[in-house]
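The values are calculated or read from the model by the stated rules, or taken from the named source; none is laboratory data. Bear in mind the structure is a predicted one, so any value in this text is a computation, not a measurement. Because the Cβ atoms are built from the backbone with ideal geometry, glycine has one as well, and the counts that use them run over all protein chains shown.
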Amino acid sequence: MSFLTETFGPLGPLLAAGFLGILLILIALPVFLRKQKDPLDRLKEQAQTPNARPEAQLRAQTKKDKLEKYSDFLEPKDAEEYSAIQLKLLRAGYRQKNAVRMYHFAQFALGAGGLVLGTAYALLLQMTQDPTTQQIILSILIPGAAGYMAPKYWVTRRVAAREEEIINGFPDSLDMMLVCVEAGQSLDQAILRVAREIRAGYPALADEFDTVSQEMKAGKDRISVLRDMSERCGVSDVASFVTVLIQSASFGTSIAEALRVFSAEMRDKRVMRAEEKANTLPTKMTLATMMLTVPPLLVILVGPSVYGIYLTLTATQTGY
């Protein structure tokens, strides 16, 4: 406060508070302005571009990668570690060939930027105050660690959001696939039709079905394609679906019958998940209810008594 008053005058604290408020507003504006696209708008866009084929979306554009010469530094040398990171990025929806390289570059750049900001803050702290060595070290390391962990946190959130989207849309896709198979279409045609129809509501699941369809068209074995889809999604429902299709193809049973039974089971599981969330809601609301209702109730009930006791003690001490 004294530094602000000496530097900017009596209005220094007020100016600092206003600048901080404007900064927070600028940081929060992108979050509020970012709005998810309405499924109806997606359907309109698809209707306006009927000639756009899904294959074009699956082919990455060949651009010169400026980070390719730093691949030895940015990519892990261990093949197992590289595969684990690549699988995690695939489950997050990043299918580019240089996704692992970009992920490590983002960690390095944000970590270095955090260290620079922390160093600048430590220098400013030394100019205005007399900090201890521990405070200086923490002010430098904490922003660097936060910047380094930010890409990992972002990818983890993307994986969770994508898995939730796949879980929510999978029962509807199975019902649609069952209708297509019972109408006389093959499994490959049914998968392609389902991918086209559910893209407006569940684009992540549509991308997975598109990938399966294109790999089958390319001549890849159906069992390996389905297993790759199960591994990419990382969802137990998809893994069970793949197992059912593989067993149905191995034993020669009807795919339509297997889909009918499995889709009914998926609908039941979706209802059970909704009931589970509904049953946990009262428990989650208990703490908020206690914090928001008990203190005002105590103030209303106990407040007058406390005030009366205070007046009595004051009168007794003063002799009136």
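Results, tabulated for the structure shown:
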read-out	value
The range 167-190, residues that are touching a residue at least 24 places away in the same chain (Cβ under 8 Å) and aliphatic (A, V, I, L, M)	ILE167, LEU174, MET177, LEU178, VAL181, LEU187
Counted residues, the range 248-282 - those being part of a helix (DSSP H, G or I) and either charged (D, E, K, R) or closer than 19 Å to VAL179 by Cβ (or both)	21
Residue within the range 263-282 that is of a type in the set (A, V, I, L, M, F, W, C), in contact with a helix residue (DSSP H, G or I) (Cβ under 6 Å, 6 or more places away or on another chain) and either modelled with pLDDT under 85 or under 16 Å from GLU208 (Cβ atoms) (or both) present	yes
Output for the range 141-162, where each listed residue is within 19 Å of ALA239 (Cα to Cα), surrounded by fewer than 19 Cβ atoms within 10 Å (Cβ to Cβ) and either of a type outside the set (Val, Ile, Thr) or without any contact (Cβ under 8 Å) to a residue 40 or more places away in the chain (or both)	ALA160, ALA161
Residue in the range 229-239 that is touching a Cys at 6+ places or on another chain (Cβ under 9 Å), within 25 Å of LEU90 (Cβ to Cβ) and modelled with pLDDT of 85 or more present	yes
So SER230, is it part of a helix (DSSP H, G or I), among the polar types (S, T, N, Q) and under 27 Å from the mean Cα position of the chain (by Cα)	yes
Enumerated helices (runs of 4 or more DSSP H) restricted to the range 44-124, each holding at least 1 residues that are in contact with a helix residue (DSSP H, G or I) (Cβ under 8 Å, 6 or more places away or on another chain), modelled with pLDDT of 70 or more and under 21 Å from ASP210 (Cβ atoms)	79-92
